[in-house]
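The values are calculated or read from the model by the stated rules, or taken from the named source; none is laboratory data. Please read these numbers as outputs of a predicted model, since none were measured by experiment. Reconstructed Cβ throughout: ideal geometry from the backbone, glycine too, with neighbour counts over all protein chains shown. Quick note on the areas: whole protein, heavy atoms, side chains included, nothing else; ligands and nucleic acids left out. Shrake-Rupley method; radii C 1.70, N 1.55, O 1.52, S 1.80 Å.
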Amino acid sequence: MVTPALAALKSALPQSRVTVLTMSAGARDLLAHDPHVDEAFHFEFPREGLFASLRFLGSLRRQRFDATVMSYPANRPEYNVIARIIGSQIRAGHRYAHLDRICFNGLNNYTVKENEDLSNIEENLRLIELLTGEIALMTPPRVHLQNEHRAYAGAWLREHDLYGGSCIAFHPGGDLRKNHVRKRWSSERFIELGQRLACDTGATI
């Protein structure tokens with residue numbers, strides 16, 4: 001959901017160096033090959049503990065970033081504390097309709113008010129507009145694949161006799177740590193949808 005904002009940022013500030021810090025390895029892997037990202041870090045703060053986390057944040061602070069952008073949604077106190085420790089003079093984020101003060105969103109000094117009628121993509125584009133002063137054009141979210149990724153997928157499809165035909169994959173999961181499992185459909189709903197898609201499109205599910 002942040003890839004359109006990264007594209008808009010690089011479009012407005014093409015000479016900027018963009019570093020991404022993620023809390024999960026999966027997010028880092030998705031963004032590491034994005035052409036609008038110069039560097040992607042992954043650091044699991046809860047697992048590493050306080051002292052290792054502070055050392056890591058100290059290394060980021062020494063890089064003297066000009067700005068930190070808290071991609072939406074980031075309504076958690078630890079995220080805002082991390083951004084403050086990194087020490088950027090410009091810290092862009094949202095003021096949230098719920099738990100705003102408790103989550104220390106006041107530590108950010110460039111803010112927009114959350115609009116619950118907007119999508120995550122639109123909210124992230126608003127942050128780029130706030131930062132750059134330019135209109136951020138909406139582009140589709142993208143996953144940028146390298147040749148080795150495509151080769152691996154092709155080999156997997158051939159191995160399972162799926163290459164060359166229509167294939168639809170489901171990703172029904174969510175992050176267990178954030179209780180996203182509660183957002184999952186039931187197995188019966190996925191089965192019904194798969195049957196309908198197979199019937200209507202002839203695709204392998």
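Each stretch of four or more DSSP H residues adds -39500 (n - 2.57); spread over every residue of the chain, this sum gives -12000 deg cm²/dmol at 222 nm.
Each listed q (0.21, 0.24, 0.26, 0.30 Å⁻¹) maps to a log10 I(q)/I(0) for segment 87-149 from the Debye sum over equal C-alpha point scatterers, namely -0.90, -1.05, -1.14, -1.30.
Starting with the highest mean, order 90-103, 47-60 by the number of other Cβ atoms within 10 Å, averaged over the residues of each peptide.
Values: 90-103: 16.1, 47-60: 12.9.
Highest-to-lowest ranking by the protection proxy: 90-103, 47-60.
Would you work out what percent of the accessible area of the chain, with all protein chains in place, is carbon or sulfur (probe 1.4 Å)? Carbon and sulfur: 53 percent of the exposed surface of the chain.
Note that segment 1-151 presents 60 Å² accessible area per residue, ligands and nucleic acids not counted, probe 1.4 Å.
Computed 3J(HN,Hα) for segment 99-116, one whole-Hz value per residue from the Karplus formula 6.51 cos²θ - 1.76 cosθ + 1.60 where θ = phi - 60°, is 6, 4, 6, 4, 8, 6, 5, x, 5, 8, 10, 10, 9, 10, 7, 4, 10, 5, glycine and proline marked x.
Each of the peptides 110-119, 62-71, 155-164 was scored by the mean count of other Cβ atoms within 10 Å over its residues; in descending order, highest first, they stand as 62-71, 110-119, 155-164. For segment 40-111, the average shadow cast by the Cα convex hull is 4.8 nm², which is a quarter of the hull's surface.
The length gained by stretching the chain between A97 and E78 to full extension, at 0.36 nm per residue less their Cα-Cα distance, is 5.0 nm.
Could you give the length gained on full extension between I135 and F170, defined as 0.36 nm per residue of separation minus the Cα-Cα distance, in nm?
Numbers: separation 35, 0.36 × 35 = 12.60 nm, distance 3.44 nm.
Computed gain between I135 and F170 is 9.2 nm.
Report the FRET efficiency, 1/(1 + (r/R0)^6), for L197 and M1, where r is their Cβ-Cβ distance and R0 is 22 Å, rounded to 0.05. Plugging the Cβ-Cβ distance into 1/(1 + (r/R0)^6) gives 0.35. This structure gives P(r) over Cα pairs in 10 Å bins from 0, in percent, computed directly, and of (1) 7, 26, 33, 20, 11, 1; (2) 8, 36, 39, 15, 1; (3) 8, 32, 35, 21, 4, 0 that value is listed as (1).
Here the translational diffusion coefficient of segment 52-93 follows from Stokes-Einstein with Rh set to the Kirkwood radius across Cα pairs; for 10 °C and 1.306 mPa s it amounts to 152 µm²/s. Based on the convex hull around the alpha carbon atoms, segment 1-97 presents an average projected area of 6.5 nm². Accessible area of R61 (1.4 Å probe, protein heavy atoms only, ligands and nucleic acids ignored): about 130 Å².
Label sites at F45 and T204, each approximated as a point 7 angstrom past Cα along Cα to Cβ, lie 4.4 nm apart.
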